[in-house]
Amino acid sequence: MKKNHIRKAKKEDNIVDLIMSAAGEIFLPMDPSFKGKKAREVCQFLFQSKYNKLSFENCFIYEKNNIIMGMVIVYRQNLEVSLGENQHFILLEKYNVDVDFPIEGIKNCYYIDSIAVKNKYQGQGIGKSLLEFVSNKFDPCGLIVDIEKKSARSLYEKMGFKVLNNIDLFGHHYYQMKTTKKI
């Protein structure tokens, strides 16, 4: 994979479907009205807003021939609290939803908040390329993976992530994982 396929996201990028495929299950527990079109609207608003966990500022895009195929959202874990607080205020101001965001990341790591590849491009090494890019640029890295997503956990383990522990977020069970070496 050539690194020139990965670029910094732009505010106008249309990646709401990718974010929803990676993190969609968190929107409904935030507020029961955040489903379907409403969840997509909230996701798009957060992506286009500055300084929050899902902001374009924290996102890298895998793009080839002007087609966005995948994305990864990553930030320093020590910013997670302030990014979450700002996201809290954005949601409170725009949607009148009062939600606190739990700490997901691992201290002294970069946190891979979300990673996704469009279905029709899966199996082509794009997810692996995004993980390699992040690992080379930001080291060490941590992430969480739904306990039910065994294939994703297997990929992360092949890429050098190790399970540290289990955490519960918004009613879902996750493994917290961390790189043990550069990918």
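Yes/no matrix, rows are residues, columns are (1) β-branched (Val, Ile, Thr); (2) modelled with pLDDT under 95; (3) touching a helix residue (DSSP H, G or I) at 6+ places or on another chain (Cβ under 9 Å):
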| site | (1), (2), (3) |
| --- | --- |
| ASN96 | no, yes, no |
| TYR110 | no, no, yes |
| VAL145 | yes, yes, yes |
| LYS149 | no, yes, no |
| TYR175 | no, no, yes |
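Regarding segment 60-79, can at least one residue be identified that is under 24 Å from GLY171 (Cα atoms) and aromatic (Phe, Trp, Tyr)?
Yes; the residues of segment 60-79 include at least one that is under 24 Å from GLY171 (Cα atoms) and aromatic (Phe, Trp, Tyr).
Could you tell me whether any residue of segment 103-116 is over 20 Å from PRO140 (Cα atoms) and open to solvent by 20 Å² or more (accessible area, probe 1.4 Å)?
No: zero hits.
Got a sec? Which of VAL81, VAL97 is under 24 Å from PHE56 (Cα atoms), within 16 Å of the chain's Cα centre (by Cα) and hydrophobic (A, V, I, L, M, F, W, C)?
Result: VAL81 is the single residue among VAL81, VAL97 that is under 24 Å from PHE56 (Cα atoms), within 16 Å of the chain's Cα centre (by Cα) and hydrophobic (A, V, I, L, M, F, W, C).
Can you name the residue in segment 47-87 that is part of a strand (DSSP E or B), closer than 12 Å to ILE15 by Cβ and not hydrophobic (A, V, I, L, M, F, W, C) and, of all such residues, is most open to solvent (accessible area, probe 1.4 Å)?
The residue in question is GLU63.
Does ASP17 qualify as being of a type in the set (Asp, Glu), under 17 Å from PRO102 (Cβ atoms) and open to solvent by 20 Å² or more (accessible area, probe 1.4 Å)?
On the way: of a type in the set (Asp, Glu): yes; under 17 Å from PRO102 (Cβ atoms): no; open to solvent by 20 Å² or more (accessible area, probe 1.4 Å): yes.
No: the conditions fail for ASP17.
The values are calculated or read from the model by the stated rules, or taken from the named source; none is laboratory data. It should be emphasised that the depicted structure is a prediction, and the values quoted were computed from it without experimental measurement. Cβ atoms come from the backbone with ideal geometry, glycine included; neighbour counts cover every protein chain shown. Remember, those area values only see protein heavy atoms, side chains included, never the ligands or the DNA or RNA. Shrake-Rupley method; radii C 1.70, N 1.55, O 1.52, S 1.80 Å.
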